[in-house]
1. Compute the Cα gyration tensor for the chain, then decide on rounded, prolate or oblate, letting a ≥ b ≥ c be the square roots of its eigenvalues: rounded whenever a/c is under 1.5, prolate when a/b is larger than b/c in the other cases, and oblate in all that remain.
2. In segment 265-287, which residues have a backbone nitrogen under 11 Å from the label point lying 7 Å from Glu236's Cα in the Cα-to-Cβ direction?
3. Shape of segment 199-286 from its Cα gyration tensor (a ≥ b ≥ c, root eigenvalues): rounded if a/c is under 1.5, otherwise prolate when a/b > b/c, or oblate?
4. Cut-off 10 angstrom, C-alpha nodes, Gaussian network model of the chain. Which of Ile277, Ile60, Ile245 fluctuates the most?
5. Find the centroid of the Cα atoms in segment 46-111 and in segment 195-233, then give the distance between the two in whole Å.
6. Which whole-percent values make up P(r) of segment 115-180 when all C-alpha to C-alpha distances are grouped in 10 Å steps starting at zero?
7. Which Cys residues of the chain have no other Cys Cβ less than 4.7 Å away and so no disulfide-compatible partner by this rule?
8. Which loop GluC sites (Glu not before Pro) in segment 132-237, with loop taken from DSSP, have no more than 16 other Cβ atoms within 10 angstrom of their Cβ?
Amino acid sequence: MDQIANLISVTGGDFREKVLEPSASVPVLVDFWADWCRPCHMLAPTLEALAQSYGSQLLIAKVNTETEPDLAAGFGIRSLPTLLLFRHGKAVQQLTGLRPEGEIRRVLDLYVESQADRLLSKVRKQTAQGNYDEAKRLLEEAQAADPENPLIHLDSAELCLKSGDLDAAEEALQALPANLRMDGRSKRLQAELDFTKVRNEAPDEQALEREIAADPRNLDARHQLSAHRVLAGDYEGALEALLEIMRQDRSFRDDLGRRGILASFELMGEEHDLVGIYRRKMASLLH
């Protein structure tokens, strides 16, 4: 066991240092075992094989429950062997009894970062920094490493959107599997894309304000103004413009005011203070 660097023994005294803290970077699989437990000994070669296979992407920690009964009791361990998988300081999966290697791998693969995952993380960082050429290069590497990874389409959509290629962004979003289209990040990108298209085809903000002052019922201008404002981070100004569309005409472009408010919420995030306020304002117009 000692010859495998990522297969270690832990105690209650060093559990935080050797399990909880490292789990912020990699998954940590904790094996609760005992010397008298025959299935524990049968599982040991499987754990060694997993440690060697995953290398630095996984840490396996063994807890001898005979010498660490308090630690086992603290995690509610009632039978042996029990495997607890830790990520970001918390137990996220539990397997009890002698399990085949393939089953354990399927659980681990939900949390172990692949080469493509690491590349996509770099893509997001480069995209956020505006280094679009480097982001595109890394994205191509990720696609070569794992061409079936659906997140590639999502990161491609964000890169295309930020770099101004709206048609390619739309294509990438449409290529997402149905379940991923309902993901929060996907919905946020779609909302940003829709608002960006409206803004790019609209007059500037000052011109739109003059149009609305001259004709308060110009709902197209209000919608275009909301796109300018929401993309500039003026969420309250955008929401007021969209709420006014709702007040004036719920039938305008298939309830565009309400749909625009919901799209704005996607960009803002549910935790934003204004979301609750404008949900109530919107609800008052719906009933």
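Bear in mind that the values in this text are calculations on the coordinates, not laboratory data. Since the structure is predicted, the reported quantities are computational estimates derived from the model, not experimental observations. In this analysis, Cβ positions are derived from the backbone assuming ideal geometry, glycine residues included, and neighbour counts consider all displayed protein chains.
1. prolate
2. 274
3. oblate
4. With Cα springs under 10 Å in the chain, the top fluctuation among Ile277, Ile60, Ile245 is at Ile277.
5. 56 Å
6. Bin by bin from 0 Å, the calculated values are 25, 56, 18.
7. Cys160
8. Glu148, Glu201
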